[in-house]
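Enquirer: Could you have a look at this structure, given as structure tokens, before my questions?
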Amino acid sequence: MRTKFFGCPLDLLTMEQTIAKVEEMIATGKPHQHVALNAAKVVDMSDNWELFDAVAGCDIVSADGQSIVLAGRLLGHPPPERVAGIDLMMELVRVSAHKGYRPYFFGGTDEVVLRVVGIFKKKYPLLNIAGYRNGYFKKEDEESIARDIMESSADILFVAMPTPKKEVFLARWLDKMKVPFTMGVGGSFDVVAGKTTRAPVIMQRLCLEWLHRFWLEPRRMWKRSFVKNAIFVKMVLEEFFTKRKPDSS
């Protein structure tokens, strides 16, 4: 089931349903794009129309953050559960090793992406990796990168870059790359490589994952942790009270 969340599509799917939908997309052989929606991205989309259009055009929009799940419940269109981008990536890598899908890993530094590939190959010896490369490039390099990815015959593309870079890149080159399923995974490569850590599960469930990230990288995360989260809460409350107002007509 698909609903609207601040004008953007949001798919009300469990992890299991999302995986099934991804496999259907891979079976078609046609390019599809996934996006993981969190509070900061909702705020960014409110004044970045290129990002909004990229997200709105995606084939699957998952509730990445617990804040999206809770806000959805408050506003009357509740996701059944959180489908975090990193959890979806990990599950798809496992499924790929089992079913022969070929993933491509794009993003991070050379050191990080090489470590990610090595970790997954060690965990899943049968995993057939289509390719990998770091996430540092100039705009004029994009077309050749898209061509290289297309020539790899990848079934799944994981893009570990910040917002809005990954969403815009995928939207721009989706048809050129011809990868059946593509998704941005943010800082997931850093987590897999051990460069950083995820918040404890209890903090994730209590919507305090932002606090863990701020603690690890205060200079980089302060704006997202405090300013954008506050704006998101304001947006949700305004929408909630607008819906509760009696119809004057």
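The values are calculated or read from the model by the stated rules, or taken from the named source; none is laboratory data. It should be emphasised that the depicted structure is a prediction, and the values quoted were computed from it without experimental measurement. Cβ placement follows ideal geometry from the backbone for every residue including glycine, while neighbour counts extend to all protein chains displayed.
Enquirer: Name the residue that is surrounded by the fewest Cβ atoms within 10 Å (Cβ to Cβ), counting only residues in the range 185-199 that are part of a loop (DSSP other than H, G, I, E, B), out of contact with any His (no Cβ under 7 Å at 6 or more places or on another chain) and hydrophobic (A, V, I, L, M, F, W, C).
Expert: Going through the range 185-199, the residues part of a loop (DSSP other than H, G, I, E, B) turn out to be 185-187, 193-199.
Narrowing the set further to residues that are out of contact with any His (no Cβ under 7 Å at 6 or more places or on another chain) leaves 185-187, 193-198.
From the residues that got through so far, the ones that are hydrophobic (A, V, I, L, M, F, W, C) too are 185, 193.
On the way: Val185: 27, Ala193: 20.
Residue satisfying both the conditions and the ranking: Ala193.
Enquirer: For Val179, work out the one condition from (1) touching a helix residue (DSSP H, G or I) at 6+ places or on another chain (Cβ under 7 Å); (2) at pLDDT below 95 it doesn't fulfil.
Expert: Unmet condition: (2).
Enquirer: Considering only residues that are over 19 Å from Glu50 (Cβ atoms) and out of contact with any Ser or Thr (no Cβ under 9 Å at 6 or more places or on another chain), look in the range 130-144 and name the one that is surrounded by the most Cβ atoms within 10 Å (Cβ to Cβ).
Expert: In this case the residue turns out to be Tyr132.
Enquirer: Sticking with this one: Kindly evaluate Phe169 against the criterion of being under 21 Å from Ile60 (Cβ atoms), of a type outside the set (Lys, Arg) and outside any helix (DSSP H, G or I).
Expert: When the stated conditions are applied, Phe169 does not pass them.
Enquirer: If you take the residues in the range 1-20 that are of a type in the set (D, E, K, R) and surrounded by fewer than 17 Cβ atoms within 10 Å (Cβ to Cβ), which one is nearest to Asp155 (Cα to Cα)?
Expert: Glu16
Enquirer: Going through the range 55-98 one residue at a time, which ones are assigned to a helix (DSSP H, G or I), under 24 Å from Lys234 (Cα atoms) and in contact (Cβ under 8 Å) with a residue 60 or more places away in the chain?
Expert: Across the range 55-98, the qualifying residues are Val55, Gln66, Ser67, Ile68, Leu70, Ala71, Gly72, Leu74, Leu75.
Enquirer: Do we find a residue being within 25 Å of Ile202 (Cβ to Cβ), of a type outside the set (A, V, I, L, M), at pLDDT 95 or above and in a loop (DSSP other than H, G, I, E, B) anywhere in the range 32-51?
Expert: No, every residue in the range 32-51 fails to be within 25 Å of Ile202 (Cβ to Cβ), of a type outside the set (A, V, I, L, M), at pLDDT 95 or above and in a loop (DSSP other than H, G, I, E, B).
Enquirer: Can you find a residue that is out of contact with any Lys or Arg (no Cβ under 8 Å at 6 or more places or on another chain), of a type in the set (Lys, Arg) and under 22 Å from Ser96 (Cβ atoms) anywhere in the range 197-205?
Expert: Yes.
Enquirer: I would also like to ask the following. When both residues are 6+ apart or on different chains and their Cβ atoms are under 6 Å apart, which pairs have a first residue that lies in the range 21-42 and is over 16 Å from Asp11 (Cα atoms), and a second that is among the basic types (Lys, Arg)?
Expert: Listed pairs, sorted by first residue: Pro31/Lys178; Ala40/Arg224; Ala40/Lys228.
Enquirer: List, please: which pairs have Cβ atoms under 9 Å, are six or more places apart or on different chains, and start with a residue in the range 189-201 that is under 21 Å from Leu92 (Cβ atoms) and end with one that is modelled with pLDDT under 90 and hydroxyl-bearing (Ser, Thr, Tyr)?
Expert: Asp190/Thr196; Val191/Thr197
Enquirer: Still on this structure, please answer the following. Since Lys165 meets every condition but one in (1) modelled with pLDDT of 85 or more; (2) crowded, with 18+ Cβ neighbours inside 10 Å, which condition does it not meet?
Expert: It is condition (2) that Lys165 fails.
Enquirer: Something else: What are the residues in the range 110-164 that are under 20 Å from Met25 (Cα atoms), out of contact with any strand residue (DSSP E or B) (no Cβ under 8 Å at 6 or more places or on another chain) and among the aliphatic types (A, V, I, L, M), if any?
Expert: Within the range 110-164, Ala146, Met150 qualify.
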